[in-house]
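Let me begin by presenting the structure, written as structure tokens, before commenting on it.
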Amino acid sequence: MKETAEESIVKIEKIVLPVLKEMELELVDIEYLQEGGYWYVRIYIEKLDGDVSLDDCAKVSMIYHVNYII
């Protein structure tokens, strides 16, 4: 049985939350949606001081790609 988008989001959240906490980032939202025949994951993050860097985004993206196979 194929998992739903909601089930995938729960799995993604379990992977990224510990990493975000370690990086002092907050999870704002996760989207798992289909656009133009492809499925995309979008992870929205913020930092308490308001300055999320491109490097922060790249690190979160890398952690997700290394740890999660849909």
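Every residue, every condition in (1) closer than 16 Å to His65 by Cβ; (2) hydrophobic (A, V, I, L, M, F, W, C); (3) modelled with pLDDT of 90 or more; (4) open to solvent by less than 80 Å² (accessible area, probe 1.4 Å), yes or no:
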position: Met1; (1), (2), (3), (4): no, yes, no, no
position: Ile12; (1), (2), (3), (4): yes, yes, no, yes
position: Val19; (1), (2), (3), (4): yes, yes, no, yes
position: Glu24; (1), (2), (3), (4): no, no, yes, no
position: Asp49; (1), (2), (3), (4): no, no, no, no
Residue match in the stretch 60-70 (condition: surrounded by fewer than 11 Cβ atoms within 10 Å (Cβ to Cβ) and in contact with a Phe, Trp or Tyr (Cβ under 9 Å, 6 or more places away or on another chain)): yes
Pairs, first outside any strand (DSSP E or B) in the stretch 23-36, second surrounded by 10 or more Cβ atoms within 10 Å (Cβ to Cβ), C-beta under 7 Å, six or more apart: Met23/Asp56; Met23/Lys59; Glu24/Lys47
Number of the condition not met by Leu54 [criteria: (1) modelled with pLDDT of 90 or more; (2) among the aliphatic types (A, V, I, L, M); (3) open to solvent by less than 100 Å² (accessible area, probe 1.4 Å)]: (3)
Residues being closer than 22 Å to Asp55 by Cβ and open to solvent by 80 Å² or more (accessible area, probe 1.4 Å) - total across the stretch 27-40: 2
Scope the stretch 20-48; condition under 14 Å from Ile63 (Cα atoms) and touching a Lys or Arg at 6+ places or on another chain (Cβ under 8 Å); matching residues: Met23, Leu25
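The values are calculated or read from the model by the stated rules, or taken from the named source; none is laboratory data. Note that the structure is a prediction, hence the values are computed from the model and not measured. Positions of Cβ are backbone-derived with ideal geometry, glycine not excepted, and every protein chain shown enters the neighbour counts. Keep in mind that these areas ignore ligands, DNA and RNA; they rest on the heavy atoms of the full protein, side chains included. Shrake-Rupley method; radii C 1.70, N 1.55, O 1.52, S 1.80 Å.
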